[in-house]
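Engineer: Have a look at this one before I ask anything.
The values are calculated or read from the model by the stated rules, or taken from the named source; none is laboratory data. Bear in mind that the values here come from a model prediction, so they are computed numbers and not experimental data. Here the Cβ positions follow ideal geometry from the backbone for every residue, glycine too, while neighbour counts run over all protein chains shown.
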Amino acid sequence: MPSSVVLWSVAAVLLFWGVGAYNRLMRLRAEANTAFAALEGELAKQVALVRECLPPPEATQPAPLDGDPGFWSGLHGAAAQFAASLAVARARPLEPQGIAALSAAQDVFTMAWERAERDDAHDLAGPRLPETLTARRAQLVMQTHSAIEHFDQAVGRYNDAIAQFPAVLLAWLFGFRPGRGVRPSAAAVAG
């Protein structure tokens, strides 16, 4: 009789621990997904800025901004690639391949913006981009960096939780896989 009480007590403790650990993993995964939703909103604003404020590359009539259509096609192409990568990452924000593709597309998009903003990319009439547009983009970039930091921290907490013993057993059993931040940690790059 006493051994069955002990056995039932151990089983109850394991069951309650398992439920608690599973709920913690689900909460951390949900926090990472929520942080990505906020990040996605900030990234989408950058794409919208290109689509709304810059002349389309196929514009045949005079555009409000100087420059040949070929110049703007690079920025629009980078924005389209970035939007496509963002759509893929939106479906599964903790999938490392999708976030890696998003990170690479963001780098290309950033380089295209920097090319448009460079001092040597203008004629004698002044810069190609109005100062208000450049200031708006700078504000969006600051907000995006904050959202990236928040997402990367949430992914780090989630990854730490699924790697801890004995929660790693539940993670394996229920298919929790490590995620990847937009700016991966040194350990994630090495591994």
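Engineer: Would you mind telling me which numbered condition in (1) under 30 Å from G98 (Cα atoms); (2) exposed (fewer than 13 other Cβ atoms within 10 Å of the Cβ) A38 fails?
Structural biologist: A38 satisfies all of (1) under 30 Å from G98 (Cα atoms); (2) exposed (fewer than 13 other Cβ atoms within 10 Å of the Cβ) except (2).
Engineer: Further, regarding this structure: Looking only at segment 19-36, filter to residues that are touching a residue at least 12 places away in the same chain (Cβ under 8 Å) and of a type in the set (G, A, S); which one of those is farthest from D152 (Cα to Cα)?
Structural biologist: A21
Engineer: A follow-up question, please. W113 is checked against (1) surrounded by 15 or more Cβ atoms within 10 Å (Cβ to Cβ); (2) at pLDDT 90 or above; (3) not β-branched (V, I, T) and fails just one. What number does that condition carry?
Structural biologist: Among (1) surrounded by 15 or more Cβ atoms within 10 Å (Cβ to Cβ); (2) at pLDDT 90 or above; (3) not β-branched (V, I, T), the lone unmet condition for W113 is (2).
Engineer: Is there any pair with a first residue in segment 126-146 that is polar (S, T, N, Q) and surrounded by 14 or more Cβ atoms within 10 Å (Cβ to Cβ) and a second that is in a helix (DSSP H, G or I) and modelled with pLDDT under 85 whose Cβ atoms are under 8 Å apart and which are 6 or more apart or on different chains, and what are they?
Structural biologist: Every condition considered, the pairs that remain are T134/E117.
Engineer: Also, quick follow-up: Select from segment 23-50 the residues that are in contact with a Phe, Trp or Tyr (Cβ under 7 Å, 6 or more places away or on another chain) and closer than 20 Å to P166 by Cα and list them in ascending order.
Structural biologist: L25, L28, R29
Engineer: Here are A32, A79, A21: which of them is under 32 Å from the mean Cα position of the chain (by Cα), surrounded by 15 or more Cβ atoms within 10 Å (Cβ to Cβ) and at pLDDT 95 or above? Reasoning before the result, please.
Structural biologist: On the way: A79 fails: at pLDDT 95 or above; A21 fails: at pLDDT 95 or above.
Just a single option satisfies the conditions, and that option is A32.
Engineer: Looking at V47, V88, can you tell me which residue is at pLDDT 90 or above, surrounded by 15 or more Cβ atoms within 10 Å (Cβ to Cβ) and under 15 Å from A112 (Cβ atoms)?
Structural biologist: V47
Engineer: In segment 91-110, which residues are within 14 Å of I148 (Cα to Cα) and in contact with a Gly (Cβ under 9 Å, 6 or more places away or on another chain)?
Structural biologist: Within segment 91-110, P93, L94, I99, S103 meet the criteria.
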